[in-house]
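**Q** Right, I'll just put the structure down here and ask away after.
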Amino acid sequence: MSKIIGIDLGTTNSCAAIVEQQGQVKLIPYKGGEFIIPSIFAIDDKGNELIGHEAKRQWQLNPRNTVYAAKRLVGRSFSSDVVSEMQKSVAYEMRPGERNDVVLDVGKKHFRLAEISAKILNKIRSVAQDYLQEKVTRAVVTVPAYFTDRQRQAVKDAGKMIQLEVVRIINEPTAAALAYGIGKNLHETVVIYDLGGGTFDVSIIEIRDRVFEVKATGGDIFLGGLDFDQAMIHKVIEDFEKKHRIDLSTDPVAMQRIKDLAERVKIDLSSREQAPFNVPFVTMTPQGQPLNIDFVFTRKLLDELTSHLVDRTFQILDRVMGDAQLDPGKVDELLLVGGQTRMPLVQKRLTERFGRSPSKGVHPDEAVAIGAALYANSLEDNSNLRLQLLDVIPMAIGLEKAGGAFHVVFPRNAAIPNAKADRGDDELRQPDGSGDAHLPGRPRASRPQRAARGFPLQRPSRRARREGAPGNHLRRQHRGDPHHERARRRDRQADEDDGACDAALSPPCWRFAKASHRSTRKPSTPPRRSPTCTPIPGSSRTGWAGIWQIRSGLPASATAPSGSSSICLG
Ligand SMILES: Nc1ncnc2c1ncn2[C@@H]1O[C@H](COP(=O)(O)OP(=O)(O)OP(=O)(O)O)[C@@H](O)[C@H]1O
Ligand SMILES: [Mg+2]
């Protein structure tokens, strides 16, 4: 069996690591000694596919055929707000795929998001193979703690496309805590503040030697360094338009040059008080006279432009601290992960909040890959590394009631795996216990009417319950019902827009959904995918109340380990 490598598949940069024979963790170097591979895919004008540094080198001149930040689009539907927001800031073309997913047009070819992720994973794998001089077929891949089940599945699918088995998916902050804590015999409560290129995560983890227990987690998968760059870009083009009455935002090559420089100036301002922002010959006047961007950025200006983004991270941090009932004074260490945490404003605000400087115990760019490699090592048959990882769900899972209200079964930060007996409230229980859908604005159907419509009158079959996919069993019965079909389409759309975790449940109008679902959502149908949360087979239920368990999915690290694995989860 090949070794399992750890991969940090980042929005802007990816990195891989491995535990070597002597138990040392080693970042896998790319040629030239770099450890970071830009998560960029491009096709040049001769039709060659470029990935990583090669793709980044040409992105100024070839912006339309250079894909970056694709991780932000993973698991999204084309019609979601996130996609339209992204379309405003990138030059590559997007269009809807067959399942309303996002398809990218690059170099006159079409790529699904999973294919782009697969290409980046493949590049990392081939760098690892060159370094290890052996085939690599298995990896532990990290994802943001706030990734939904669908987004996690998309990462696994990307691995499958290149015959790379993603043996486990773990959360990025958890991986960073592993990198920090393994082998030090610590007994500490640590806060991990992870602000990367595209996503923000915060986790509170209690470390008791080899036991890593996540107490609470939260995040925003659309908040990262790219948004800081965007704030600078906005300022520069606004200033240019004021001076010259020319809107640069419609010129992809100019925008790419500005974008590239914005990131470099932002990084400079982490170590300097001011930096020039000069782009020569960025465009021409209608009379053919060349124009330059001549701007000076100060750190103060950058802080003003981006302080609202830092505020957003603090709102999430406060909520997570509240969930864990943790006082800043009781935190043993504050770990900073992700390149954007190098920004002085972020460090200053965190120092003020916690009354001490952040720990220097982990490298912000490398900790996640190192943690993934340590975890991967513990999964090897011959490993003597014993770990216990206790994780939580980042968002509530519950039942959507007729009318759109949300009945929480598992609150956010519930430990996983988990089981719960829930009898529901009166609204949740159906008078005859049959599970008919009560559609708002419509009288409750009689039993014969329900039968005629194909709604189930009995519990799902034993087999369906055993397989945990009663939705599949029911979906067949619903086909042809126009009301049902309409609701199904509407709900699928809304579901995808939210990027919600979508576990199949037996009742047609109830399903597991994340707490932030719009309360006006009409009741609908069993969704399409395998369940995250299922009734325990054989449990007796009254109406739709019952005993439920989180078996897998959110996060995938909750999945019970197989075989002789040394990891014990929950
Ligand atoms: N010195 C610095 N000061 C400010 N920002 C920095 C600095 N160094 C790197 N960054 C920013 O950090 C971001 C990249 O961080 P990182 O590599 O951790 O992200 P990622 O892992 O690709 O993304 P994610 O974890 O969100 O998927 C970029 O936006 C980059 O501009
Ligand atoms: Mg990262």
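The values are calculated or read from the model by the stated rules, or taken from the named source; none is laboratory data. These numbers were taken from a predicted model, which means no experiment stands behind them. Positions of Cβ are backbone-derived with ideal geometry, glycine not excepted, and every protein chain shown enters the neighbour counts.
**Q** Against the condition touching a strand residue (DSSP E or B) at 6+ places or on another chain (Cβ under 8 Å) and within 15 Å of ligand 1 (Cβ to nearest atom), how does E263 come out, does it pass?
**A** Answer is no for this residue.
**Q** Sticking with this one: Among the residues of region 176-201, count how many are among the hydrophobic types (A, V, I, L, M, F, W, C), surrounded by 24 or more Cβ atoms within 10 Å (Cβ to Cβ) and away from ligand 2 (no atom under 13 Å from the Cβ).
**A** Qualifying residue count for the region: 4.
**Q** Counting only residues that are surrounded by fewer than 17 Cβ atoms within 10 Å (Cβ to Cβ) and either more than 16 Å from ligand 1 (Cβ to nearest atom) or more than 17 Å from G339 (Cα to Cα) (or both), how many does region 266-285 have?
**A** 8
**Q** Further question: Quickly run through region 32-63 and pick out the residues that are more than 18 Å from K119 (Cα to Cα) and charged (D, E, K, R).
**A** Passing the criteria: E34, D45, K46.
**Q** Additional query: Scan region 410-430 for residues that are at pLDDT 80 or above and not basic (K, R) and report the count.
**A** Residues meeting the conditions: 9.
**Q** How many of the residues in region 234-265 are free of Cβ contacts under 8 Å to residues at least 40 places away in the same chain and β-branched (V, I, T)?
**A** Counting residues in region 234-265 that are free of Cβ contacts under 8 Å to residues at least 40 places away in the same chain and β-branched (V, I, T) gives 4.
**Q** For region 209-232, which residues satisfy the criterion of being within 16 Å of ligand 1 (Cβ to nearest atom) and of a type in the set (F, W, Y)?
**A** Answer for region 209-232, where residues must be within 16 Å of ligand 1 (Cβ to nearest atom) and of a type in the set (F, W, Y): F222, F228.
Here's the yes/no breakdown for (1) assigned to a helix (DSSP H, G or I); (2) within 16 Å of ligand 2 (Cβ to nearest atom); (3) closer than 25 Å to V191 by Cβ:
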{"residue": "D260", "(1), (2), (3)": "yes, no, no"}
{"residue": "L291", "(1), (2), (3)": "no, no, no"}
{"residue": "L305", "(1), (2), (3)": "yes, no, no"}
{"residue": "L335", "(1), (2), (3)": "no, yes, yes"}
{"residue": "L350", "(1), (2), (3)": "yes, no, yes"}
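**Q** Take residues that are under 21 Å from V202 (Cα atoms) and touching a Leu at 6+ places or on another chain (Cβ under 8 Å) and tell me which of the strands (runs of 3 or more DSSP E) falling wholly in region 368-426 contain 2 or more.
**A** 387-392
**Q** Continuing with this model, one more query. For region 315-356, name all the residues that are within 16 Å of ligand 1 (Cβ to nearest atom), over 22 Å from the mean Cα position of the chain (by Cα) and under 20 Å from T174 (Cα atoms).
**A** L350
**Q** For region 8-22, enumerate the residues that are over 17 Å from V167 (Cβ atoms) and either within 16 Å of ligand 2 (Cβ to nearest atom) or touching a residue at least 12 places away in the same chain (Cβ under 8 Å) (or both).
**A** G10, T11, T12, N13, S14, C15
**Q** Could you list all residues from region 144-189 that are under 16 Å from F212 (Cα atoms) and of a type in the set (F, W, Y)?
**A** Y180
**Q** Also: Can you tell me how many residues in region 179-208 are away from ligand 1 (no atom under 16 Å from the Cβ) and aliphatic (A, V, I, L, M)?
**A** Count: 7.
**Q** Taking only region 117-151 into account, find how many residues are within 14 Å of ligand 1 (Cβ to nearest atom) and under 21 Å from V83 (Cβ atoms).
**A** Number satisfying all stated conditions: 7.
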